[in-house]
Amino acid sequence: MQRRYLDHAATTPIDPRVFEAMLPFLKEHFGNASSVHALGRRARVEVEACRERVAAHLGAEPAEIVFTSGGTEADNTAIKGVAGRDGAGLVTGLVTCAAEHEAVLRPAEALARAGVTVVVLDPAPHGAVTPAQLEAALTPDVSLVSLMHANNELGTVTPLAEVSAVCRARGVLLHTDAVQTAGLVPIDVDALGVDLLSLSAHKFYGPKGAGALYVRSGVELRALVEGGAQERRRRGGTENVAGIVGLAAALDLAVAEAGARRAHLTALRDRLLAGLRAALGDTFVLNTPVGTAEVVPHVLNIAFPPHDGRPLDGEMLLLNLDLEGVMASSGSACTSGALEPSHVLRALGLDRATAAAAVRFSPGKDTTEADIDAAVDAVARVVRRMRRR
Ligand code: PLP
């Protein structure tokens, strides 16, 4: 049976070109970038060259890039680092959104526990906070806003330039989690007007465990991970040189191939949606606002409302799809044995039963039309079978 991987928003396979670029730094160039000898200097030169390339792709300065272990650490560093880990630092109030990734929501909760005013806005029906909503939430004590560039479950893009204008008018810092947009939506920190921005290499065909945080010059950031002077004292720990090389190589490719990737993924997404509509009619709801709001092209989220009063078991749906060779996911998290419906879909106002019967398809740059057609057939077969029971 052919396996069809439609879960690229969860992670992507490493691009062979990225792997090749990393290999020398796992083998002969294994030095610690802090060592003064030749091997150490070789590693340092590479890390700094990567920093320059990553910065250039974002329209930033090299000194504004902090390499991290991934998106989660970048988000945590942005939120807790600007605030200070005890919440007693610069941030007096934080505004974020209920549809954010846990990597933002959990640190926000930590700040709230430490006494910081934290406002968690519900997204508008298309899945993002609007500039008007934000404006209304900006009380004088708010000093940081964290709103993601594209939502990982829905694909909705936040209009960051407009959001930034609202923040700038009040002197409020803006952080964005851009983990789902690199290589798909242009990321220029000045055009977007952001002060902090998180990236994760494994979402754009780079290695897992490598990420970056952009920190605008002049923004005060305390290290979340202490123990060394690396990354200008903003992130202690020996640099993951091969990971950093992989991140930079993957970002080079993502930027160079962005137009082609976008066009390919948009065509696949449209084919998938048309196929599902032809096969299943109006028995599902479309959670990704395709055609009505700006979205990233690699995410299509649908859900099945109860049929004749009977809910569809979302976990069984995914397991059955997997048995048919189709690997997709839902935003649901398994907590203590019970499947919790996605907090994002619940924040959109979906009822529990429908939110628990959601599927997120995310094709990738190497996905084919045949993969999409096979997925449509499998979904139609599985849903009909489950509804007959
Ligand atoms: N933020 C978003 C929007 C994500 O989709 C993910 C990945 O699941 C993360 C953060 C976490 O990134 P990482 O897996 O690199 O820690």
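The values are calculated or read from the model by the stated rules, or taken from the named source; none is laboratory data. Because the structure is a prediction, the values reported are computed rather than measured. We place every Cβ from the backbone using ideal geometry, glycine too, and count neighbours over all the protein chains shown. Areas reflect the complete protein model, heavy atoms only, side chains present, ligands, DNA and RNA absent. Shrake-Rupley method; radii C 1.70, N 1.55, O 1.52, S 1.80 Å.
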Review point. Among (1) over 16 Å from residue 272 (Cα atoms); (2) out of contact with any helix residue (DSSP H, G or I) (no Cβ under 6 Å at 6 or more places or on another chain); (3) surrounded by 21 or more Cβ atoms within 10 Å (Cβ to Cβ); (4) not charged (D, E, K, R), where does residue 292 come up short?
Key: (3)
Check your understanding: Does segment 264-288 hold any residues that are hydrophobic (A, V, I, L, M, F, W, C), open to solvent by 50 Å² or more (accessible area, probe 1.4 Å) and farther than 19 Å from residue 126 by Cβ, and which are they?
Key -> 267, 274, 278
Review point. Taking helices (runs of 4 or more DSSP H) that do not extend beyond segment 70-180, which have at least 1 residues that are within 11 Å of the ligand (Cβ to nearest atom)?
Key: 71-76, 102-113
Exercise for review: Starting from segment 188-213, take each residue that is more than 26 Å from residue 17 (Cβ to Cβ) and of a type in the set (Asp, Glu) and list its partners that are more than 8 Å from the ligand (Cβ to nearest atom) and open to solvent by less than 10 Å² (accessible area, probe 1.4 Å), counting only C-beta distances under 7 angstrom and pairs at least six apart or across chains.
Suggested key: 195/174; 195/175
Check your understanding: Looking at 128, 161, 165, which one is closer than 27 Å to residue 269 by Cα and either surrounded by fewer than 17 Cβ atoms within 10 Å (Cβ to Cβ) or modelled with pLDDT under 95 (or both)?
Key -> 161
Check your understanding: Do we have any residue at all in segment 44-61 that's in a helix (DSSP H, G or I), farther than 26 Å from residue 224 by Cβ and either modelled with pLDDT of 95 or more or open to solvent by less than 50 Å² (accessible area, probe 1.4 Å) (or both)?
Key -> yes
Exercise for review: Kindly indicate whether any position in segment 261-269 is at pLDDT 95 or above and in a loop (DSSP other than H, G, I, E, B).
Suggested key: no
Practice item. Would you confirm whether any residue within segment 297-315 is in a helix (DSSP H, G or I), touching a residue at least 12 places away in the same chain (Cβ under 8 Å) and crowded, with 22+ Cβ neighbours inside 10 Å? Key: yes
Review point. So which residues in segment 343-389 are in contact with a helix residue (DSSP H, G or I) (Cβ under 8 Å, 6 or more places away or on another chain), buried (at least 24 other Cβ atoms within 10 Å of the Cβ) and among the small types (Gly, Ala, Ser)?
Key: 355, 356, 357, 358, 375
Review point. Which residues, taken from segment 28-64, are small (Gly, Ala, Ser) and either within 25 Å of the chain's Cα centre (by Cα) or under 23 Å from residue 190 (Cβ atoms) (or both)?
Key: 49, 55, 56, 59, 60, 63
Revision key, fill the gap. If we ask which residues in segment 181-205 are in a helix (DSSP H, G or I) and touching a helix residue (DSSP H, G or I) at 6+ places or on another chain (Cβ under 6 Å), their number turns out to be 3
Check your understanding: Exactly one of (1) modelled with pLDDT of 95 or more; (2) closer than 18 Å to residue 194 by Cα is unmet by residue 81. Its number?
Key -> (1)
Review point. Within segment 181-240, restricting attention to residues that are farther than 21 Å from residue 56 by Cα and acidic (Asp, Glu), which residue is farthest from the ligand (Cβ to nearest atom)?
Key: 220
Review point. Does residue 223 qualify as being surrounded by 17 or more Cβ atoms within 10 Å (Cβ to Cβ) and in a helix (DSSP H, G or I)?
Key: no
Exercise for review: Mind telling me which of the residues 16, 24 ends up being free of Cβ contacts under 8 Å to residues at least 60 places away in the same chain, within 24 Å of residue 265 (Cβ to Cβ) and more than 16 Å from the ligand (Cβ to nearest atom)?
Suggested key: 16
Exercise for review: Scan segment 317-353 for residues that are at pLDDT below 95, polar (S, T, N, Q) and more than 21 Å from residue 297 (Cβ to Cβ) and jot them down.
Suggested key: 332, 335, 336
